[in-house]
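Just so you know, all these numbers are worked out from the coordinates, no wet-lab data involved. Note that the structure is predicted; figures quoted are calculated from it, not measured. No Cβ is skipped: glycine too gets one built from the backbone with ideal geometry, and neighbour counts run over all protein chains shown.
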Amino acid sequence: MHIMEGFLPVEHAIGWSLASLPFVAWGLRSVRRRLREQPEQRMLLGVAAAFSFVLSALKLPSLTGSSSHPTGVGLGALLFGPLAMVPVGFVVLLFQALLLAHGGLSTLGANLFSMAVVGPFVAAGLFRLGRRCGLPLAGCVFIAAALGDLATYLTTSIQLAWAFPDPAGGFIASLAKFGGIFAITQIPLAISEGLLTVLVVNTLARFNPEELKGLALFARRGARV
Amino acid sequence: MKKQNWLILLAVVLLTVLPLWLVPQLGIGVVSGPDGQASELFRGADDKAQRAIGEIAPDYKPWFAPLLAPASAEVASLLFALQAAFGAGVIGYWLGCAVTRDKLRRESQDKEAHAD
């Protein structure tokens, strides 16, 4: 989902940066407040960030014949709310943009918006919806993490289609093209991410039931699996 | 629970390994490049998108270049490995702590039970 450095027109690059900026500030404030109120959550927040570090470094082959990587932000979004993942996504994307020439500074805003805003919000929203409908915890976690991951790549496709509409078919033709590259490739990887997130939540429920109870999204129905 | 975790791991491995075998078998994704030769399989989707931009808007020129680019693909893989290793280290530390704490808690509960 990394839009390469310089590959968004200036107006789009600035627009997406402005769109992401309030989420970064809001996210930092949310993380700081949580750590002040519940310092015992520090380790779990570290685990959620680390999960994103690992998953976004793994480029996996997919059925379309190209490779892509999961984002790993779904786990943290479920545990700490979507805002907490904005600073984490920012660190990951900045590291890759500065040292790896993967993504870029000019496209940081757009990439941040897809990976650290849309993905986590979709994941947390679906999780809440699933729990409200009474679905089992593992199912909710899987759906939330997998579709959150997919939502990130759909967003990237929309961003690129908006910036580069097809000369003949316009936005829709362009969206089909970028969607074919990003979103279709991502389907098996999104399933993998969903499964891995379930694995971590299973482990959390087994070894850290006390901490899970302190987390907003899990609190309502307890941490029973 | 244990069994479910193993099945999950197995499914993830299969999801990753199967494309490596299936894609060349079914001939998906073999797009011939501009030079007429089949392009490399399993290129990054980011690269493909970059190429698609070139097709849609051939006149588009990137207006900003990366400040630092890894000296080679090997150096890039070093940095990606570092990123993953850092994350895996943190997760491993947490797992070790959590398992040990759980064990100690259980032992102390056993002791209390015996004391009664």
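Scattering from chain B was approximated by placing one identical point on each alpha carbon and applying the Debye formula without solvent; log10 I(q)/I(0) at 0.12, 0.17, 0.22 1/Å stands at -0.82, -1.19, -1.31. Peptide B:99-112 is shielded by partner chain Cβ atoms: per residue, an average of 1 of them sit within 10 Å of its Cβ.
Taking 0.36 nm per residue of separation and subtracting the current Cα-Cα distance, fully stretching the chain between residue B:43 and residue B:65 would add 5.8 nm.
Could you work out [θ]222 nm for chain B from helices alone, using -39500 (n - 2.57) per DSSP H run of at least four and dividing by all its residues? Round to the nearest 500 deg cm²/dmol.
So the helix-based figure for chain B works out to -24500 deg cm²/dmol.
From its DSSP helices (H runs of at least four residues, each -39,500 (n - 2.57)), chain A gives a residue-normalised ellipticity at 222 nm of -23500 deg cm²/dmol. Look at the stretch B:11-22: the mean tally of other chain Cβ atoms within 10 Å of its residues' Cβ atoms is 5.
Projected label points at residue B:93 and residue A:129, each 7 Å from Cα along the beta carbon direction, are separated by 3.7 nanometres. In this structure, the amide hydrogen of residue A:60, modeled 1.01 Å from its nitrogen in the peptide plane, lies closer than 5 angstrom to those of A:68, A:69, counting only residues at least 5 positions away or on a different chain. Once the Cβ-Cβ distance of residue A:40 and residue B:104 is raised to the sixth power relative to R0 = 22 Å, the FRET efficiency obtained is 0.85. What percentage of all Cα-Cα pairs in the stretch A:1-153 are separated by more than 20 Å? Every Cα pair in the stretch A:1-153 considered, those over 20 Å come to 49 percent. The ranking of A:55, B:9 by Cβ neighbour count inside 10 Å, starting from the fewest, reads B:9, A:55. Residues A:171, B:64, A:164, B:42, arranged from fewest to most other Cβ atoms within 10 angstrom of their Cβ, appear as A:171, B:64, B:42, A:164. Residues A:1, A:43 in ascending order of nearby Cβ atoms (within 10 Å, fewest first): A:43, A:1.
Using θ = phi - 60° in the Karplus curve 6.51 cos²θ - 1.76 cosθ + 1.60, the 3J(HN,Hα) couplings for the stretch B:72-84 round to 7, 4, 5, 5, 4, 5, 4, 5, 5, 5, 4, 4, 5 Hz; x is entered for Gly and Pro.
Pairs exceeding 23 Å between alpha-carbon atoms, taken from A:59/B:3; A:59/A:177; A:213/B:3; B:3/B:103; A:177/B:61; A:59/A:213: A:59/B:3; A:213/B:3; A:59/A:213.
When the charge dipole of chain B is built from unit charges on Cβ atoms (+1 for Lys and Arg, -1 for Asp and Glu) and taken about the Cα centre, the candidate among B:54, B:93, B:114 whose Cα reaches farthest toward its positive end is B:114. Among the residues of B:60-72, the average count of other protein chain beta-carbon atoms within 10 Å of the residue beta-carbon is 6.
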